[in-house]
Amino acid sequence: MNAIANAISVFFGWINSLGATVMLPIALFLIGIAFGLKPAQSFVNGLKVGIGFYGLNLMTGAIAGTVGPLANALVERTGLSLSIPDVGVALHFPITFSLTAAAFMIPLGILVNVVMLTFKLTKTVDIDVWNFWPSMFSWACVQGLTGNAFFGFLAFVFTVAISLVLGDMQAKYIEKYYNMPGISFPHPFSSFFGLIAWPFMWLFDRIPGLKDWNVDVDSMQKKIGPLGNSTVFGLVIGVGISFLGGYDVIKALQTGVVVAAILLLLPEMLKVLMSGLFPISEAARKWLTQKFPGREFYIGLDCAVGVAQPSAVIVAVLLIPITLLMATILPGNKLLPLADLAYLGFWVAMPMAQFKNNILKGVLFGAIAISVSMLMATSIAPLVTRLGVEAGSALPEGVSQVSMLTIYPWAWVTTKFASLFTGGIF
Amino acid sequence: MENRIFKIASVCGAGYATSGWIAARLGDALKERNIDADISEVKVVDLALVAENYDLIVSASELSDIYNVPVVASSSIITGIGFDETLEKIIKKLEEVKDKK
């Protein structure tokens, strides 16, 4: 018996020593085969995920050398307490993808969905397997805090389940105000902020003038749309923060280009990674829609669909300066928003439908919701920094912590809950 | 529609997940009909400055054609419900812009 146990532990030790760039392609190759893809196709897909992940890791190194000193200079010169740079997906991915379980998030997520559909606990058929990835972040954080993989698994199941249930409840707004009948967003980010938006729907309608405040969305999008280009504002913000930090012109311009590069190149790496997942998504979609046909179900999509609504686009652009302002005045905030500034639309992806595409409501809510995220990002920074370093991602020079603005709220909630029993981080 | 490679922007909020999946499925469907298309994923906030580089925009949301480039809503490409109608709409729009440069 001992020999067997020994062999098993040696085997898993070997699997772990492969690292995510090797383990992920192998696991995804096998999962692709299980989903009925051809071996050659499945092999290439798995490899692409490994390559995309490697590309993200390359970016992490480049980010580390720039944003650390930048945050440092800002803190020292201005006395602002923004000592935790937001490195976005450059932290997200190493943390989730270094989990052995990450490779199995797709079958596990589908399993949770199918069990819930079978017991009529949800009406959403989640065809976009990418929706399960944010739930892995709950797993990673809870396992990281407690050291127990089973608790991580529970956090994952909870996050998938609550996102499906809230997705069902929020679908009626998507039909009515995004004109997309039969669609829901069972996504951990939108489900949480859709939930937070409910009381604000009531509250905002009681503020005089706000209820019927309106603007021509198309003409506004035409006017301010160009300002939202992430490479342009990446440069502007990079240069701006550099000047605040006392950099000279040359260094400020160089830093601006690096910040713009972060906003442009991180998603490029994700494109490569994602392209390896589409065939599995496609196979899952076919299988699920065969098994749960008809019109009595919602089809679950990524909330990126909501982010692309014209009203959400405008709010996302308006929220860029507001987010930077909130970061400086919000008591207790230490996060310096950077890499995730390109994604501010996600906070209102669901709420814009609840607010009937009212831009002003969206901006007011966005300012509050992003403040909540900044405080979550600050408080969970020690944990995610440790997990990032353990996953082999480089810590920026001169800072002791990193975090991200798009911290998944259900990950924060489940980790906070776990910490009530285990103590630690918070 | 030979001899012409259409440039199509596939738009969603993030510019890699949903739009990429739509781009992949649409590319396959157009190839089956011998239509050459170069489809790129575009993050919606980046669209304003790059829209004019494209012959057609397919958007996961309902966007208006404020950039003088035709727009087709594309979520049915991945939900599968209304897929054929959407594909016909896209091909019709491509035929309309065929002679434009």
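The values are calculated or read from the model by the stated rules, or taken from the named source; none is laboratory data. Just so it is clear, the structure is predicted and the values come from calculations on it, not from any experiment. For neighbour counting, all protein chains shown are included, and Cβ atoms are generated from backbone atoms with ideal geometry for every residue, glycine included. What goes into the accessible areas is simple: the full protein's heavy atoms, side chains included, and nothing from ligands, DNA or RNA. Shrake-Rupley method; radii C 1.70, N 1.55, O 1.52, S 1.80 Å.
Observations on the structure shown:
- Scanning the stretch B:1-33 for residues that are facing another protein chain (nearest Cβ under 7 Å), open to solvent by 10 Å² or more (accessible area, probe 1.4 Å) and part of a loop (DSSP other than H, G, I, E, B) gives a single hit, B:Tyr16.
- With respect to (1) part of a helix (DSSP H, G or I); (2) out of contact with any Phe, Trp or Tyr (no Cβ under 7 Å at 6 or more places or on another chain); (3) not basic (Lys, Arg), the lone exception for A:Ser138 is condition (2).
- Test: residue in the stretch A:12-25 that is outside any helix (DSSP H, G or I) and not hydroxyl-bearing (Ser, Thr, Tyr): yes
- Checked against (1) modelled with pLDDT under 90; (2) open to solvent by 10 Å² or more (accessible area, probe 1.4 Å), A:Lys38 meets all criteria but (1).
- Elements of type helices (runs of 4 or more DSSP H) in the stretch A:291-356, at least 1 residues being more than 8 Å from every other protein chain (Cβ to nearest Cβ) and closer than 18 Å to A:Ile407 by Cβ: A:310-329, A:351-354
- Residue ID - surrounded by the fewest Cβ atoms within 10 Å (Cβ to Cβ), chosen from residues in the stretch A:244-274 that are out of contact with any Phe, Trp or Tyr (no Cβ under 9 Å at 6 or more places or on another chain) and not aliphatic (A, V, I, L, M): A:Asp248
- Which numbered condition A:Gln354 misses (of (1) within 13 Å of A:Phe189 (Cβ to Cβ); (2) open to solvent by less than 20 Å² (accessible area, probe 1.4 Å)): (1)
- A:Thr414 falls short of the stated requirement of being modelled with pLDDT of 95 or more, in contact with a strand residue (DSSP E or B) (Cβ under 6 Å, 6 or more places away or on another chain), of a type outside the set (Phe, Trp, Tyr) and open to solvent by 10 Å² or more (accessible area, probe 1.4 Å).
- Filter result (open to solvent by 20 Å² or more (accessible area, probe 1.4 Å) and hydrophobic (A, V, I, L, M, F, W, C)) within the stretch B:92-101: none
- The residue that is farthest from A:Lys222 (Cα to Cα), among those in the stretch B:41-81 that are within 11 Å of chain A (Cβ to nearest Cβ), open to solvent by 30 Å² or more (accessible area, probe 1.4 Å) and of a type in the set (Ser, Thr, Tyr), is B:Ser64.
- Residue check, A:Thr96 open to solvent by less than 20 Å² (accessible area, probe 1.4 Å), more than 14 Å from every other protein chain (Cβ to nearest Cβ), in contact (Cβ under 8 Å) with a residue 24 or more places away in the chain and more than 26 Å from A:Ser419 (Cβ to Cβ): no
- Sole exception among (1) open to solvent by 20 Å² or more (accessible area, probe 1.4 Å); (2) closer than 24 Å to A:Ala102 by Cβ; (3) within 19 Å of the chain's Cα centre (by Cα) for A:Glu282, by number: (3)
- Qualifying residue in the stretch A:221-242 (condition: charged (D, E, K, R) and touching a residue at least 12 places away in the same chain (Cβ under 8 Å)): no
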